């Protein structure tokens with residue numbers, strides 16, 4: 001896949017056998033998203049931690065997701081692709097804590113035209129068997145019907161690696177603010193006019209110190225106005241350059257608005 005890598009690519013596979021209702025251990029280090037900020041309880045109530053399991057060796061891999069209704073979680077297609085089940089944790093900051101999962105699910109809807117090679121249509125849904133109960137720590141976020149433009153500050157959050165060469169994801173939820181760039185600028189950075197598709201949006205990597213998502217952040221929310229009374233989900237974390245998270249090249253995301261009709265069709269969410 002020219003110049004791109006999937007954030008997880010089987011996600012820093014946690015290669016130990018576990019029972020279905022027990023998540024693999026996470027290295028408990030004092031680390032954060034690359035030069036990001038530690039989240040506080042209730043700051044990202046729409047965020048879900050997802051431990052996927054699948055394949056012949058029943059490996060675990062990690063992604064994030066976004067609560068979009070009491071019955072649905074939005075994530076990246078490359079996260080749910082080939083998964084048999086997923087452990088879902090909500091209202092959690094420290095994923096190394098020994099707590100029971102909110103749910104264990106196996107109902108995935110992966111976009112019919114998802115391409116693992118080009119990352120076209122990198123979007124998926126998880127159907128919850130039992131509806132979530134919303135409170136201060138758990139609630140959904142509105143999906144934006146407007147395409148996010150360039151030069152917009154967005155907030156990304158996740159438990160991804162804090163350094164490109166780390167062997168483990170972060171146990172603690174972190175976030176960082178980035179600024180979107182035009183698709184033309186993103187194409188120029190990657191040197192390929194066909195690589196960045198219209199349904200994608202890119203964000204510049206903050207320099208000195210580098211601030212960017214990394215492996216393990218896939219599927220997570222990209223939000224505008226997150227610290228206001230009207231936060232909106234504008235994209236799903238999707239890809240980074242295959243030269244590494246700290247290469248300085250833009251990171252890429254799947255636009256929410258481009259798939260809003262698809263989401264509404266599958267979930268029957270009306271707003």
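Do we find a residue being more than 19 Å from residue 49 (Cα to Cα) and either in a strand (DSSP E or B) or in contact (Cβ under 8 Å) with a residue 40 or more places away in the chain (or both) anywhere in the stretch 213-223?
Our first condition is that a residue be more than 19 Å from residue 49 (Cα to Cα); within the stretch 213-223, this holds for none.
Scanning the stretch 213-223 turns up no residue that is more than 19 Å from residue 49 (Cα to Cα) and either in a strand (DSSP E or B) or in contact (Cβ under 8 Å) with a residue 40 or more places away in the chain (or both).
Quick check: anything in the stretch 19-40 in contact with a strand residue (DSSP E or B) (Cβ under 7 Å, 6 or more places away or on another chain), under 25 Å from residue 232 (Cβ atoms) and modelled with pLDDT of 95 or more?
yes
Checking the condition more than 15 Å from the chain's Cα centre (by Cα) and closer than 22 Å to residue 228 by Cβ, which residue from 118, 144 passes?
Numbers: 118 fails: closer than 22 Å to residue 228 by Cβ.
None of the other options fit; the residue is 144.
What residue, of 118, 96, is within 15 Å of residue 216 (Cβ to Cβ), part of a loop (DSSP other than H, G, I, E, B) and at pLDDT below 95?
96
Tally the residues that are more than 16 Å from residue 53 (Cα to Cα), exposed (fewer than 14 other Cβ atoms within 10 Å of the Cβ) and either touching a residue at least 12 places away in the same chain (Cβ under 8 Å) or in contact with a strand residue (DSSP E or B) (Cβ under 6 Å, 6 or more places away or on another chain) (or both), restricting the search to the stretch 105-132.
Total meeting the criteria: 4.
Please enumerate the residues belonging to the stretch 230-267 that are modelled with pLDDT of 95 or more and out of contact with any strand residue (DSSP E or B) (no Cβ under 8 Å at 6 or more places or on another chain).
258, 259, 261, 262, 264, 265
The values are calculated or read from the model by the stated rules, or taken from the named source; none is laboratory data. Since the model is a prediction, treat every value here as computed from it, not as a measurement. Because the Cβ atoms are built from the backbone with ideal geometry, glycine has one as well, and the counts that use them run over all protein chains shown.
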